[in-house]
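The values are calculated or read from the model by the stated rules, or taken from the named source; none is laboratory data. All of these numbers come straight from a predicted model, not from anything done at the bench. Here Cβ is always computed from backbone atoms with ideal geometry, including for glycine, and neighbour counts include all displayed protein chains.
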């Protein structure tokens, strides 16, 4: 998982894991004033990520990243062609 500053496109952090605990630990280190400035988080909708974000940043909008969304659409189209 990579965190990125959308204004400068500079990586803020890269987490080399898909564990909810790792993300939760990272989010807990964000100061409260910075958390208030976060409006939206884009993730791959891993339920662990989603739960950790909801707990640490209950005010943010969570969106699915475009790559994962396209992958899901392709998979659904293949499934629908079979039936």
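Take the conditions (1) loosely packed, with under 10 Cβ neighbours inside 10 Å; (2) at pLDDT 75 or above; (3) outside any helix (DSSP H, G or I); residue 8 misses just one of them, which is (2). Taking helices (runs of 4 or more DSSP H) as the structural unit, those lying wholly within the range 20-83 and holding at least 3 residues that are modelled with pLDDT under 90 and loosely packed, with under 12 Cβ neighbours inside 10 Å correspond to 66-82.
The residue pairs whose first member lies in the range 1-29 and is farther than 21 Å from residue 55 by Cα, whose second member is modelled with pLDDT of 65 or more and in a helix (DSSP H, G or I), and whose beta carbons are closer than 7 Å, counting only pairs six or more residues apart or on different chains, do not exist in this structure.
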